[in-house]
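Remarks on the structure that follows.
Just so you know, all these numbers are worked out from the coordinates, no wet-lab data involved. Just so it is clear, the structure is predicted and the values come from calculations on it, not from any experiment. In this analysis, Cβ positions are derived from the backbone assuming ideal geometry, glycine residues included, and neighbour counts consider all displayed protein chains.
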Amino acid sequence: MYNLARQLLFKLSPETSHDLSLDLIGAGGRLGLNGMLTKQPARVPVTVMGLSFDNPVGLAAGLDKNGAAIDGFAQLGFGFVEIGTVTPRPQPGNPKPRIFRLPEATAIINRMGFNNLGVDNLLNRVRASQYKGVLGINIGKNVDTPVERAVDDYLICLDKVYPHASYITVNVSSPNTPGLRSLQFGESLKQLLEALAERRELLAAQYGKRVPVAIKIAPDMSDEETVQVAQALLGAGMDAVIATNTTLSREGVEGLAHGDEAGGLSGAPVREKSTHIVKVLAGELAGRMPIIAAGGITEGKHAAEKIAAGASLVQLYSGFIYKGPALIREAVDAIAALPRQ
Ligand SMILES: Cc1cc2nc3c(=O)[nH]c(=O)nc-3n(C[C@H](O)[C@H](O)[C@H](O)COP(=O)(O)O)c2cc1C
């Protein structure tokens, strides 16, 4: 059925098709229909970050930026759902067009720029949802907040989402907000992590629960930089790392229509880069912090490769756009078929 829907959706512009799909998935979710229309994946329970997941395959951030279709995505069989990136204040994002399909490469280029309705709206949607599974809330900074004040925006969002999230992702890796990626390095990263850790202690005492915090990183890092990030995250007591966001590289899409659009490249061309980052992180973290892998999973076996590389959970975005919910089942089955470690 997704093949038919896809044929129709791919005739529309990527953003129109994105909005329409979100409306349909959201409406199906409210009516409780999606679970009936989709063959559900096997139950492959895992515990990561102290949280229990029905299966290790989640929805990556950015598809449901406002939390408009949480129930709908959950009913499609995802083992967890990450919403956002959300910013303190609503913002329109970059001018359209800002998302491009590259079907020959099973890839997407986007420069959305954190278009979202703001954290208060997102929390209203979370309150309205029926979903009882693992919900990640991914937080970022407004484009007009100077990068030197970025910490303020993350803390505003952390305070607000804390009582509502199963885990919180700090996104310092979108390429579409100028300066954001600089927060992944050196003193800027250290200061951000210290501020987050300190505020989290206060929030944990206030709410009587310790909500895990994950940091989402870019694939465009040297091994040395990746090791430094791993050490900084361990030092600050973070709970997980998500690897990776989209890439600035254009390897694999040179000469293709839209291949030279500005923005972040996702899908098949980012797979190896992302998996390499997972391997470097796994080597350095040595089991002390879980890794959530995203990047280029377009077939079940790619999800299994990420787990074999050292990840505990995986997330889908571009592969889901191209393959639909069947990819969730494929990924769950491929992971379940891995020999137990
Ligand atoms: C259109 C689009 C929007 C995205 N928006 C976000 C976002 O708001 N926050 C975020 O952390 N990642 C965002 N991402 C990155 C994805 O969550 C994911 O990390 C990346 O696309 C790699 O996975 P994939 O190859 O399966 O797509 C976005 C990706 C795409 C294609």
request  = Run down the aspartates and glutamates and flag those whose C-alpha is under 16 Å from the C-alpha of K132, throwing out any fewer than 8 positions away in its chain.
outcome  = D54, D71, E82
Whole-Å distance, taken between Cα centres, linking segment 165-205 and segment 265-316 = 21
ask   = In whole angstrom, how far apart do the alpha carbon centroids of segment 50-64 and segment 114-151 sit?
value = 16
key: Mean Cβ count within 10 Å, highest first, over the residues of peptides 74-81, 281-288   = 74-81, 281-288
key: Net length gained if the chain between S52 and R288 were fully extended (0.36 nm per residue, minus Cα distance)   = 83.1 nm
note = By the mean-Cβ-within-10 Å protection proxy, highest first, 92-102, 1-11 rank as 92-102, 1-11
inquiry  = Let me spell out the model: positive unit charges on the Cβ of Lys and Arg, negative unit charges on the Cβ of Asp and Glu, origin at the Cα centre of the chain. What dipole size does that give, in debye rounded to 20?
reply    = 920
key: Mean Cα-pair separation over length for segment 52-110, i.e. relative contact order, pairs under 8 Å, 6 or more apart, %   = 30
key: Of K160/K279; K65/K323; K11/K65; K96/K209; K96/K301, those spanning more than 31 Å from alpha-carbon to alpha-carbon   = K160/K279; K96/K209; K96/K301
key: Nearby aspartates and glutamates by direct alpha-carbon distance to K190 (threshold 17 angstrom, same-chain neighbours under 8 apart not counted)   = E148, D152, D153, E198, E201, E224, E225, D239
request  = Report, for segment 2-335, the % of DSSP beta bridges that are antiparallel, rounded to 5.
outcome  = 30
key: Helical segments meeting 20 Å axial Cα length and Kyte-Doolittle -0.5 threshold in the chain (DSSP H)   = 14-30, 186-207, 271-285
ask   = Does the chain come out rounded, prolate or oblate, given a ≥ b ≥ c as the square roots of the eigenvalues of its C-alpha gyration tensor, rounded meaning a/c under 1.5 and, failing that, prolate meaning a/b above b/c?
value = rounded
note = HN-Hα couplings for segment 48-56 via Karplus (6.51, -1.76, 1.60; θ = phi - 60°), in whole Hz with x for Gly/Pro, come out as 9, 6, x, 10, 9, 10, 5, 7, x
query = Where does the chain land at 222 nm, in deg cm²/dmol rounded to the nearest 500, when only DSSP H runs of n ≥ 4 count, each adding -39500 (n - 2.57), divided by all residues?
reply = -12000 deg cm²/dmol
request  = Compute the signed sum of charges (Lys and Arg +1, Asp and Glu -1) over the other residues within less than 13 Å, Cβ to Cβ, of N55.
outcome  = -1
key: Set of segment 1-42 residues, backbone N closer than 16 Å to the point 7 Å along the Cα-Cβ line of Q130   = 25-38
